[in-house]
Amino acid sequence: MSAITVVNRRSFLRTGGIGLGLLLGFTLPERSKLAAQGRRPAVAAKPGAYIHIGTDDTVTFLITKAEMGQGTVTSLSMLLAEELDCDWAKVRTEFAPVDPASYGMQGVVGSASIRSSWAPLRQAGASARVMLLEAAAHRWGADKSQLRTERGFVVGTSPNQRLSYGSLSEAASKLPLPANAPLKDPKLYSLIGKPVKRLDTRDKVSGQAKFGIDARIPGMVYASIARCPVFGGKVSSFDDTKAKAIPGVKNVLQISTGVAVVGENTWAAMQGRKALEIKWDEGPNASQNSAAISRMFADLAQKPGAVAKQTGDAEKALAATAKKLSAEYEAPYLSHAPMEPLNCTAVVRGDSCEIWASTQMQSGSRDAAAKAAGLTPENVKVNTLYMGGGFGRRARVDYVGETVEIAKAIPGVPVKLTWSREDDMQHDFYRPASYVKFGGALDAEGWPSVFTARVACPSFGAARGNGVDSTAVEGLHTLEYRIPNLTVDYHRADAGIPTSYWRAVGYTQNTFFAASFLDELAAAGGKDPVELRKRLLAESPRLLGVLEVVAAKAGWGAPPPGRFQGVAVVNNIGSFTAQVAEVSVTQGKLRVHRVVCAVDCGHVVNPAIVRQQIESGIVFGLSAALKGAITIDRGRVQQGNFDSYDVLRID
Amino acid sequence: MAITFTLNGGRQTVNVNPQTPLLWVLRDTLGLTGTKFGCGMALCGACTVQINGNAVRSCVTQVSSVAGKTVTTIEGLSADLSHPVQRAWMAEDVPQCGYCQSGQIMAAASLLAKTAKPTDADISEALRGNICRCGTYAQIRRAVHRAAEIKAGGGKA
């Protein structure tokens, strides 16, 4: 039985709506990257709801964060359940509606879900527990301080004083919110810090988990969109005669992103779309290609850019040093390629709109739908479904807006838009390509005295402040290496290719670049790469900590015969990480045999999920390093499916 | 055109364009959404079902070709998650986003039906065509071995 029902809407909201059971809410502060960029909507004081305790003793948690595999459903529930002291086996979850007044900005970007939920969700659980204690005290005429809770029960002083939460929930819901409900002593945690099994596994091994693409609404039709293959191009004219002759095709219409074919099933819509004859106005990018982009980036990297970080005087130090090095590194555009192709389902009825979406940006999806429907956001209802991967792609909500455009054209009829894999790969917002020119110098003892990095990379946010996009230089201007002369500067290098969040963005290129160049400096100075890093990180205890652990666990310095080791260490958004890769090269072919990783990510809520995430990141990173590249020719992406954009497989 | 086949143990007749891939008949016509669309070209394995016990990519299988055959989807693998592969997948907590897992499970179940004690090489061979972007490959491998043990132990593990 799925915890999420698509057509039969949220049991929680139904019961909650008539005031049955305990409803409790707090405002969740949102401290994501987007919030930091000032895109955070104003949060009113009105509380939302997180916990529902049914009279049948089921406990339902409303999950305000979307789930793309990162474990939010389980981890956020653990925070609530730990303090509520309920029976974990009876916990159910549902995705919360979009409600800025209660929840602020709802989205999952910048690895912020646990960070932003840690305090308020535990407090919500603790407050609910106090209210249940109070309700029991009233019922028994007892002193609340004499009562305790025990996995879903309030227990009194005499043997027959034992009431389930369910039997108390209605009375508790009428009590005022306690001001400062006490939080558990962390030593007493029974869930937090334990490798608790995921709550979504059963549904995901039975085929019952509902992803965005699985939404089924009565009377639904299906859509496919032909988009201009060149970025920035648009429809010039089209002939839909052949498309309309395809059995099952119902409708063809032009929308802002292309020509949409609506059919009675996905296959009919896709066949109809293939039969469209479209003349494109390919726009200004029609001759763009990867070689020209690479040249443009490389040219930019030759002259000084906007300064992102400056310690000492690199220029002067370089001029005064005999032993100098320089190197240039380049990384390609990359696609996200989540397993679930982009999709959305929407219906527009009069002055309301409802969408069913797998999205990282629930708030942004609501806004995009409202804009496309010509409605206010309050008139849009967002149903959050599981994401079949996101990796940053689903932080963009282009696919929501275009679905609503189609739905608006056929009012009252639910429309499910499904992108093909080729659509997904050729109309992505890519991990930016990047080009970095490094310079370095060594002192008399062979230690690095100068480290300069000049970055040429697109910016998908507005370049901030002094012309530096921190997303493009992160991993370089954040370096904690104690090198006396260290400069990072930046050129915004836009090539007309859409770019956006892709995992941690700048860190994905710059960590590799910086670690590689540091190793070149180590080699030139005759230093061991780990020893060099230890010296340069002597004042960064957490980085030093993971570096020492990984070196010990990987057997640094003594690889098996024929194998080589490489090391990198980085602090990405407060997670201190070090890795050693063990590789071999046979006839020019690189093989990665083993990756050892040490992570210090602070307080761990669920170590099993953290482990999953780290392993997942390693596999994703290896796909990027060893396999994938998005290349451009005549303004269009040359890759289309997993045959031309291969990713790591089980072997 | 009416096409009749056995689906998850029951007789099923559908009246659709015979060229329609089985994937879309399962998902759109019959509402069995456990089988996933990933690539449409038999490159990723998300749409894997069993036809007469063999793991097959339903996205490139015309529905007309399954007439008279036996089709099993994730929904029909077991009524109660008791299939050794599902039990092993739960024990190892394999899924992250979970989207590819129906296909992984169907491919693994087909492997175990033919090879009681698969080696690592057997697993690689059988599951090479199933992409997981979350990178759960290590867990999948452990779970397949575990499923083989569960099956060998007569369902106990």
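The values are calculated or read from the model by the stated rules, or taken from the named source; none is laboratory data. Please read these numbers as outputs of a predicted model, since none were measured by experiment. Methodologically, a virtual Cβ is constructed for each residue, glycine included, from the backbone with ideal geometry; neighbour enumeration extends over all protein chains shown. Keep in mind that these areas ignore ligands, DNA and RNA; they rest on the heavy atoms of the full protein, side chains included. Shrake-Rupley method; radii C 1.70, N 1.55, O 1.52, S 1.80 Å.
Things to note:
- Ordering A:365, A:319, B:44 by Cα displacement along the dipole of the protein assembly as shown toward the positive end leaves B:44 in first place; charges were set at the Cβ atoms of Lys, Arg (+1) and Asp, Glu (-1).
- A:594, A:129, reordered so the largest accessible area comes first (probe 1.4 Å): A:594, A:129
- Projected area, mean over directions - region A:538-587, Cα convex hull, nm²: 4.2 nm²
- Computed P(r) (all Cα pairs; region B:84-152; 10 Å bins; percent): 24, 62, 14, 0
- The distance between label points at residue A:274 and residue A:322 comes to 6.9 nm (points 7 Å beyond Cα on the Cα→Cβ vector).
- Amide proton proximity set for residue A:499, modelled H, under 5 Å, gap of 5+: A:430
- Listed residues B:20, A:379, A:411: farthest to the positive end of the dipole of the protein assembly as shown (Cβ charges): B:20
- Two-site label geometry, residue A:119 and residue A:464: point separation in nm, points 7 Å out along Cα→Cβ: 2.0 nm
- Exposed-loop-free span, longest in chain A, where GluC sites (Glu not before Pro) count as exposed if DSSP calls them loop and at most 13 other C-beta atoms lie within 10 Å: A:151-444
- Electrostatic dipole magnitude of region B:84-152 [Cβ: Lys, Arg +1; Asp, Glu -1; Cα centre; debye, to 20]: 80 debye
- Computed over protein heavy atoms with a 1.4 angstrom probe, the accessible surface ordering of B:97, A:597, largest first, is A:597, B:97.
- Per-residue HN-Hα couplings for region A:418-426 [Karplus 6.51, -1.76, 1.60; θ = phi - 60°; Hz; x = Gly/Pro]: 10, 7, 7, 4, 5, 4, 4, 7, 9
- Gyration tensor analysis over the Cα atoms of region A:370-529 returns equivalent ellipsoid semi-axes of 45, 15, 13 Å (largest first, whole Å).
- The sum of -39500 (n - 2.57) across all DSSP H runs of n ≥ 4, divided by the residue count of chain A, sets its helix-only mean residue ellipticity at 222 nm to -9000 deg cm²/dmol.
- Between the beta carbons of residue A:162 and residue B:80, assuming R0 = 25 Å, the FRET efficiency works out to 0.15 to the nearest 0.05.
- The protein assembly as shown, accessible area per residue, ligands and nucleic acids excluded (1.4 Å, Å²): 38 Å²
- With DNA, RNA and ligands ignored, accessible area of residue A:593 (1.4 Å probe; Å², nearest 10): 70 Å²
- Difference of contour (0.36 nm per residue) and Cα-Cα distance, residue A:311 to residue A:187: 40.3 nm
- Label reach from residue A:589 (point 7 Å along Cα→C-beta): in region A:632-651, amide nitrogens under 14 Å belong to A:651.
- Over all projection directions, the Cα-based convex hull of region A:173-283 averages an area of 14.9 nm².
- Beyond 28 Å in Cα-Cα separation lie the following of the pairs A:65/A:144; A:627/B:117; A:90/A:187; A:174/A:371; A:323/A:534; A:187/A:210: A:65/A:144; A:627/B:117; A:174/A:371; A:187/A:210.
- Computed lengthening from residue B:1 to residue B:138, 0.36 nm per intervening residue step minus Cα-Cα distance: 44.9 nm
- Considering only A:588, A:390, A:566, the residue lying farthest towards the positive end of the dipole of chain A is A:390, judged by Cα position with unit charges set on Cβ.
- Chain A: DSSP helices with Cα axial extent of at least 30 Å and average Kyte-Doolittle hydropathy no lower than -0.5: A:113-140
- With N the number of residues in region A:120-198, Rg(Cα) / (2.2 N^0.38 Å) evaluates to 1.14.
- Taking max minus min of the alpha-carbon positions on each principal axis, the protein assembly as shown gives extents of 81, 77, 59 Å, largest first.
- Label zone at residue A:627 (point 7 Å along Cα-to-Cβ), backbone N below 19 Å, region B:11-45: B:36-45
- Given a 1.4 Å probe and the protein chains as shown, residue A:399 ends up with an accessible area of around 0 Å².
- For the protein assembly as shown, size of Cβ-based charge dipole, Lys and Arg +1, Asp and Glu -1, in debye: 840 debye
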